[in-house]
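Undergrad: Submitted below is the structure of interest, expressed as structure tokens.
The values are calculated or read from the model by the stated rules, or taken from the named source; none is laboratory data. Note that the structure is a prediction, hence the values are computed from the model and not measured. Heads up, the Cβs are rebuilt from the backbone with ideal geometry, glycines too, and the neighbour counts pull from every protein chain shown. Accessible surface areas use protein heavy atoms only, side chains included; no ligands, DNA or RNA. Shrake-Rupley method; radii C 1.70, N 1.55, O 1.52, S 1.80 Å.
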Amino acid sequence: MSPTVTGALLGVILAVSILLFGFWGFLLVGLFMGIGALVGRVVSGKLDVRGLANAFSGRRTS
């Protein structure tokens, strides 16, 4: 799926969520989409959790 199609689908999902659930439902859907994206990147191996934790704790890696 191309980035354009993915962005369009995200826009549709968020637009429908704000129409159906209101502002707070929209924010909740957006939050869950972000969490789902992070979990997907961790599972696929595209995000190093240990490196991310080290970056947040102030440790540097070389």
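Undergrad: How large, in percent, is the carbon and sulfur part of the accessible surface of the chain at a probe radius of 1.4 Å?
TA: Its accessible area is 71 percent carbon and sulfur atoms.
Undergrad: Using only Cα atoms, tell me the angle between helix 3-44 and the longest principal axis of the chain; keep it within 0 to 90° and round to the nearest 10.
TA: On a 0 to 90 degree scale, this one is about 30.
Undergrad: Counting helices only, and only those DSSP H runs with n ≥ 4, report the 222 nm mean residue ellipticity of the chain as the sum of -39,500 (n - 2.57) divided by its residues, in deg cm²/dmol to the nearest 500.
TA: -29000 deg cm²/dmol
Undergrad: Send over a whole-number figure in Å² for the accessible area per residue of the chain, probe 1.4 Å. Kindly include the intermediate steps, with their values, before the conclusion.
TA: On the way: 5230 Å² over 62 residues.
On a per-residue basis, 84 Å².
Undergrad: Could I ask something else about it? Go ahead and run the numbers for FRET between V5 and N54, Cβ-Cβ distance against an R0 of 30 Å, rounding to 0.05. Please list the in-between numbers first.
TA: Details: r = 35 Å, r/R0 = 1.15.
Once the sixth-power term is evaluated, E becomes 0.30.
Undergrad: Out of (1) 74; (2) 146; (3) 114, which label holds the value of volume of the Cα convex hull per residue in Å³ that was computed here?
TA: Answer by label: (3).
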